[in-house]
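The values are calculated or read from the model by the stated rules, or taken from the named source; none is laboratory data. Predicted model only: the values in this text are computed from it and were never measured. Every residue, glycine among them, receives a Cβ derived from its backbone with ideal geometry; neighbour counts consider all protein chains shown.
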Amino acid sequence: MKDIMPAVNFNYRKNYLERETNEIIIQLEEELKFTKERLQTEVNSNIIMKKALKSQEEFIVNISHELKTPLNILSATVQLFSIYCSNGSLDKMKSSIINYIGSMKQNCYRLSKLISNIVDSSKIETGFFELHLSNNNIVEVVEDTVMSVTNLTEIKGLNIIFDTDTEEKIIACDPEKIERVVLNLISNAIKFSDKGDKIFVNIKDKDKFVEISVEDNGIGIEEKNLGTIFDRFKQVDKSLSRNAEGTGIGLSLVKSIVELHCGHIYAESEVGNGSKFIVKLPSRNVSHENLTHNKKMSSKNENIKVELSDIHL
Ligand code: ADP
């Protein structure tokens, strides 16, 4: 009896210690797993944050450049006017002053476009961008927009051709926003085309949807970039954008506006042979039209000047 007791005690203690150790090991393993998971989450969120910061940095660089260019022009012109005022040459310089005023206006439009693009882009991100839907003849909306740029395309030596397979197609849309979409696509077509090139704007009634396309025979877009040009702040190599200014916001806004209309946009292109942007809008009507905003269409001329302000004349 005397001999057995310590052995029992020893085994009992040994088992107890083993159980304790195992529990501690399991606990430590769980803690290690949890720490690893937490670290992985931190690494992932760091990667996401780095990407967001990079995109933010690119945005600031792009925007600063776009803000500085018109501001420098405006400030240099103001300085010049001050010199004319102080040396009494205002009258003598009248004709060049008129030209400078034209350039100042153009640069004010550029600033205005940039600011409204930034504001709208952030409204879209936060879900505050609103459409004012009403039933409109989409053929008329697009044709009027094309007609409004013919002066500019003529000055640029480009030929713009509008074609449709129907005279009337009433669909629910926000005409001011659709005008902006079409102007943006035409503005890009102008920017990336050369004298003598052609721009085709077509409408096709596909029954369940309407297809609007803007096609140019300009510089084209590499296939690898076709998917990303609709991303915010994305610009294909700036050196290729010969006649271009821009921030890379335009197409992302266009895409958002089309998608808010429950539509779809995509691009087809071949380097050196031009690009085609295709917008598909559903054929549907709204029973309650929101016409409050459409009264603003009276400032159409201003809208056009603002939208096309980054094209060099
Ligand atoms: P940006 O304000 O720079 O014009 P967008 O979002 O409108 O920005 O366009 C993004 C990029 O897509 C442009 O910088 C250009 O590289 C390319 N792109 C858009 N439209 C065309 C086009 N019609 N032809 C060639 N490249 C185009």
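In table form, for the structure just shown:
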| read-out | value |
| --- | --- |
| Any chance ILE48 is among the β-branched types (Val, Ile, Thr) and within 23 Å of HIS312 (Cα to Cα) | no |
| Residue check for THR228: within 9 Å of the ligand (Cβ to nearest atom) and either in the same structural domain as GLU66 (by TED's automatic domain parsing) or not charged (D, E, K, R) (or both) | yes |
| Those residues of region 157-168 which are touching a Ser or Thr at 6+ places or on another chain (Cβ under 8 Å) and either surrounded by 21 or more Cβ atoms within 10 Å (Cβ to Cβ) or β-branched (Val, Ile, Thr) (or both), in sequence order | LEU158, ILE160 |
| Matching entry among SER121, SER96, SER116 (being in a helix (DSSP H, G or I), of a type in the set (Gly, Ala, Ser) and surrounded by fewer than 14 Cβ atoms within 10 Å (Cβ to Cβ)) | SER96 |
| Residue match in region 199-211 (condition: more than 26 Å from VAL286 (Cα to Cα), out of contact with any Phe, Trp or Tyr (no Cβ under 7 Å at 6 or more places or on another chain), at pLDDT below 95 and charged (D, E, K, R)) | no |
| Given (1) within 15 Å of the chain's Cα centre (by Cα); (2) within 20 Å of GLU302 (Cβ to Cβ); (3) free of Cβ contacts under 8 Å to residues at least 40 places away in the same chain, number of the condition THR150 does not satisfy | (1) |
| Near pairs, Cβ below 6 angstrom, 6+ apart or cross-chain, from region 75-89 (touching a residue at least 24 places away in the same chain (Cβ under 8 Å) and closer than 15 Å to GLY102 by Cα) to any residue that is surrounded by 10 or more Cβ atoms within 10 Å (Cβ to Cβ) and among the charged types (D, E, K, R) | none |
| Condition check for ASN62: more than 25 Å from LYS113 (Cβ to Cβ), assigned by TED's automatic domain parsing to the domain that holds ILE101 and assigned to a helix (DSSP H, G or I) | no |
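One line per residue, one yes/no per condition, for (1) part of a helix (DSSP H, G or I); (2) modelled with pLDDT of 95 or more; (3) outside the structural domain of VAL286 (by TED's automatic domain parsing):
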residue	(1), (2), (3)
GLU125	yes, no, yes
VAL146	yes, yes, no
LEU152	yes, no, no
ASP163	no, yes, no
GLU168	no, yes, no
ILE178	yes, yes, no
ILE186	yes, yes, no
ALA189	yes, yes, no
